[in-house]
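Please read the structure below before turning to the comments.
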Amino acid sequence: MSSGHGGATALRLLGNVRPLDEKPFVYDAMLAGWSDQQSSRGLAASTIYSRVLVIRRFEAFTGRYPWEWSVGDVEDYTTNAKSGTRPAARSTIRAFQAIIRLFCDYLCDGRYEWASECERRFGQAPQQICYEWNTAAHIVDYEGRAQRRALTYDELEQFFVAADARVETILRQGRKGALAALRDAQIFKTIYAYGLRRAEVAGLDVADLRPNGATPRFGRFGAVEVRWGKGSRGSGPRRRSVLTIPELGWVTEGLAQWVDHARPRFTDEPGMLWPTERRSRVSVRYINSRFADLRDQLGLPPELSVHALRHTYVTNLIEWGYSEKFVQDQVGHAYASTTAIYTSLGDDYKTRMVTRALARIYGGNDADNR
């Protein structure tokens, strides 16, 4: 039995064991071996867990074990996912199919010997059941819901006004929670002003707020050091520095107020930038919940999530004339195409671009009359 490949340990442990309920025993060993293989590749435990969960759901749907699966099972599963009151998005279905394909690739790889083991035990061997002709193709760059978009300038202003007003309302009513509301408002402003992801802002420490020698006017808030950027293919968190830009320099006043006056009332210890009343770090789930409360209060579309603030940041920077490469580096995108997907340019910006082009080509103020 080979011992040089990740995931082989689970198969070796099977040996000649004949448990009373053999099929679930082998199935669990398959999942354990696949998990080990992915862990060896450096994938996060949360990623491995979510993939295994997809396989378990697929197995429960089919009512059969991997060595009994057929291509029809994938088609039935996909059809079921697309039906009902809340059909899965195309990107979700494609992700499910990709996970099933990866699992089948692992089982069919001769180096892991699952095919021969299943043939010996059950007279059947696992096979690949996901092909180009029965799975969703990745045709376009963006497959999310069309309702997901950047905020307009009016919506953004209304959102921040509502966040600030919540602090004043709590103070006026003499209730507890004003400091937490102030913290929440500053979190949302920081997400927008630096184009951060939710996990990135939640993971910030006070020490991540850095000066930038090129912009002394912003003092100690010239840049934000992101240490928990989104990784890929097992790379782990990716670091980057996000510079404070002049158009959004107003965020530094709020950060100074929070760091110098409000945060010390939660804790005087160095470390997390956004502590809770229990001196724990604000969670991503909490940030999602508070955003949803304000969004619903304003009557904004329910499809808008915290991520809309990041989309808005990208869009605004492009509209203000920053280069795509600069924006890509600021938000930590590996590919320029991803940055382009995030961009939702407004009609005013497009009109200005056309007007400038007309003036450049036809000249003067007569561009509109030619």
Lone qualifier among L209, L204, L196, L182 - being buried (at least 17 other Cβ atoms within 10 Å of the Cβ) and more than 23 Å from the chain's Cα centre (by Cα): L182
Residues of segment 78-97 that turn out to be out of contact with any Cys (no Cβ under 6 Å at 6 or more places or on another chain), under 18 Å from I55 (Cα atoms) and not basic (K, R), as a count: 10
Residue within segment 234-256 that is of a type in the set (V, I, T), part of a helix (DSSP H, G or I), touching a residue at least 60 places away in the same chain (Cβ under 8 Å) and on the phi < 0 side of the Ramachandran plot present: yes
Selection within segment 266-296 - among the small types (G, A, S) and either in contact (Cβ under 8 Å) with a residue 60 or more places away in the chain or crowded, with 17+ Cβ neighbours inside 10 Å (or both): G271, S283
Every residue from segment 88-116 that is outside any loop (DSSP other than H, G, I, E, B) and small (G, A, S): S91, A95, A98, A115, S116
Any hit, segment 137-150, residues being at pLDDT 90 or above and either surrounded by fewer than 17 Cβ atoms within 10 Å (Cβ to Cβ) or over 22 Å from N316 (Cα atoms) (or both): no
Residues of segment 14-32 that turn out to be modelled with pLDDT under 90 and either surrounded by fewer than 16 Cβ atoms within 10 Å (Cβ to Cβ) or not assigned by TED's automatic domain parsing to the domain that holds R120 (or both), as a count: 8
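The values are calculated or read from the model by the stated rules, or taken from the named source; none is laboratory data. As the structure is a computational prediction, the values presented were derived from the model and not from experiment. Here Cβ is always computed from backbone atoms with ideal geometry, including for glycine, and neighbour counts include all displayed protein chains.
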